[in-house]
Amino acid sequence: MTASRIGYELPDGTIVSAYCALDGYIEFNGRILVESYQDPDDVQALVDGGRMRSIKTALTGDSRKLKNECGDYLADENDDYVHSHTREPQPLYDTERGDPLSVERGSFAAFCSGSEGEEFVYLFDRNEQWQAWRLERPEGGHENATPVATPVAIPGYMV
């Protein structure tokens with residue numbers, strides 16, 4: 001599980017963001033963001049949907065791994081588990097499970113605070129460009145220590 005935070009920057013510098021619980025690493029969320037979210041309205045809709053499990057999944061909040069009559073989990077031809085209640089890949093928001101809408105607004109420092117254990121943060125800036133940072137806690141530091149935000153390149157994306 002690699003948590004991330006995805007946000008967009010308002011004209012006054014405020015960052016609107018949402019937490020993403022799964023697949024936050026640069027090769028997955030980073031790639032999907034630059035491939036599928038280049039339009040500011042699409043980015044705003046993604047983030048304004050609030051806290052999410054994933055930015056691209058076929059699962060729903062009701063999905064369960066299916067078992068055969070012997071109790072073994074079913075797998076497809078790619079050895080992926082077969083789930084009930086699937087759909088076209090899209091974000092899976094926590095509100096789909098009945099949780100309240102959760103969208104954060106704040107400074108860049110708050111965005112990079114790693115307050116929920118995020119390892120990566122992705123920002124769609126005022127120039128409509130994606131930027132990414134890896135958040136790393138200082139070695140030997142307290143678990144609540146402010147992480148260091150190091151810029152990282154999103155593979156295949158030129159700013």
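Please treat every number below as a calculation from the coordinates, not as lab data. As the structure is a computational prediction, the values presented were derived from the model and not from experiment. Positions of Cβ are backbone-derived with ideal geometry, glycine not excepted, and every protein chain shown enters the neighbour counts.
Where Lys and Arg each count +1 and Asp and Glu each count -1, what net charge lies around GLY30 among other residues with Cβ under 14 Å from its Cβ?
Numbers: positive: ARG5, ARG31, LYS56, ARG134; negative: ASP23, GLU27, GLU35, GLU118, GLU119.
With Lys, Arg at +1 and Asp, Glu at -1, the neighbours total -1.
What does the charge count around SER4 come to, taking other residues whose C-beta lies under 14 Å from its C-beta (Lys +1, Arg +1, Asp -1, Glu -1)?
Values: positive: ARG5, ARG31, ARG51, ARG53, LYS56, ARG134; negative: ASP23, GLU27, GLU104, GLU116, GLU118, GLU119, GLU136.
Here the count lands on -1.
Given a Förster distance of 25 Å, report the FRET efficiency between ALA145 and ASP99 from their Cβ-Cβ distance, rounded to the nearest 0.05. Please list the in-between numbers first.
Values: r = 28 Å, r/R0 = 1.13.
Given R0 = 25 Å and the Cβ-Cβ separation, E is 0.30.
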